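Enquirer: Provided herewith is a single structure, encoded as structure tokens, for subsequent inquiry.
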Amino acid sequence: MTDVILNLIAWGGYFGIFLLMALENIVPPVPSEVIMGLGGMAVARGDMAMIPLILWGTLGTTVGNYFWYYIGRHIGYERFRPFVDRHGRWLTMEWEDVERLHRFFVKHGQWVVFVFRFMPAFRTIISLPAGMTRMPLWRFLVWTFAGSTIWNAILAYAGLLLGSRFEVLDRYVGPAAVALTVMIVIGYVWRVVTWKPRAGR
């Protein structure tokens, strides 16, 4: 994965960063931590400048998130009621839970979008309910861009501090991502096993 990212950055420069960050949000296995980290290392070598790196990376992030926002807005959350009623156990929720989450998102959605920019497992997923609840597009783009700018800057400056030692980044990001995924899967399984519909509580 690291070699593919390096080749795309070498081929496309800032546009390569933009493309990779857009794909990172459309195809989640592409890790933004590695992309921006390697971009920061390119800054350390003098091949890139920090501000354009962060700007292009954040534009890519915003475009990638808009992809899921558009899908959510086109579908709308109401269409999911038959699916939720049928598969509530596997979703660990009922339609009342969906309605409550919808009301919360309508009221506080901009802060949720902003905060979730810093959560590796959820920063892409959150764009879908933002679209499904019809969050105004300008608000979604502003808060996505703001949160992504901060997160991408942190990753880029981490790469700058590491200098050219990208093997250090690759060594730790992979296991950390696997550990986080395992924790999420365990948490989900626990919810499925312990979840009960309201009628049975």
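The values are calculated or read from the model by the stated rules, or taken from the named source; none is laboratory data. Quick caveat, the model's predicted, so the values are computed rather than measured. In this analysis, Cβ positions are derived from the backbone assuming ideal geometry, glycine residues included, and neighbour counts consider all displayed protein chains. The accessibility values were calculated without ligands, DNA or RNA, using every heavy atom of the protein model including side chains. Shrake-Rupley method; radii C 1.70, N 1.55, O 1.52, S 1.80 Å.
Enquirer: Determine the calculated [θ] at 222 nm for the chain from helices alone, applying -39500 (n - 2.57) to every DSSP H run no shorter than 4 residues and normalising by the residue count; nearest 500 deg cm²/dmol.
Expert: Values: 10 runs with 157 residues, N = 201.
Computed mean residue ellipticity for the chain: -26000 deg cm²/dmol.
Enquirer: Give me the accessible area per residue for the stretch 1-100, probe 1.4 Å, as a whole number in Å². Walk me through the numbers before you get to the answer.
Expert: On the way: 5150 Å² over 100 residues.
Heavy-atom SASA per residue in the stretch 1-100 reads 52 Å².
Enquirer: Any idea what angle helix 137-162 forms with the longest principal axis of the chain, computed on alpha-carbon atoms, 0 to 90 degrees, nearest 10?
Expert: With both axes taken from Cα atoms, the answer is about 40 degrees.
Enquirer: Report the one residue of 40, 82, 15 whose Cα lies farthest in the direction of the positive end of the charge dipole of the chain (charges on C-beta: Lys and Arg +1, Asp and Glu -1; origin at the Cα centre).
Expert: 82
Enquirer: Within 10 Å, count the other beta carbons around each residue, average over each peptide in 11-23, 103-115, 131-143, 51-63, and list them highest first. Can you show the working numbers first?
Expert: Working: 11-23: 19.5, 103-115: 15.7, 131-143: 17.4, 51-63: 21.7.
Listed from highest to lowest mean packing, they are 51-63, 11-23, 131-143, 103-115.
Enquirer: Based on the Cβ-Cβ distance from residue 150 to residue 122, what FRET efficiency comes out when R0 is 22 Å, to the nearest 0.05? Mind showing how you got there, number by number?
Expert: On the way: r = 16 Å, r/R0 = 0.73.
Here the calculated transfer efficiency is 0.85.
Enquirer: Something else about it: Can you pull the percent of Cα pairs in the stretch 59-153 with separation above 24 Å? Can you show the working numbers first?
Expert: Details: 931 of 4465 pairs.
Tail of the P(r) past 24 Å holds 21 percent of the pairs.
Enquirer: I've got another one for you. I'd like the orientation of helix 32-45 relative to the chain: the angle between its Cα long axis and the longest Cα principal axis, in ° from 0 to 90, rounded to 10.
Expert: For 32-45 against the chain, the angle is about 20 degrees.
Enquirer: Under a GNM of the chain (C-alpha, springs under 10 Å), which listed residue has the highest mean-square fluctuation: 153, 179, 42?
Expert: Ranking 153, 179, 42 by mean-square fluctuation puts 179 first.
Enquirer: What area, in nm² and to one decimal, does the C-alpha convex hull of the stretch 9-120 cast on average over all directions? Mind showing how you got there, number by number?
Expert: Working: hull surface 33.4 nm².
Averaged projected hull area, Cα only: 8.3 nm².
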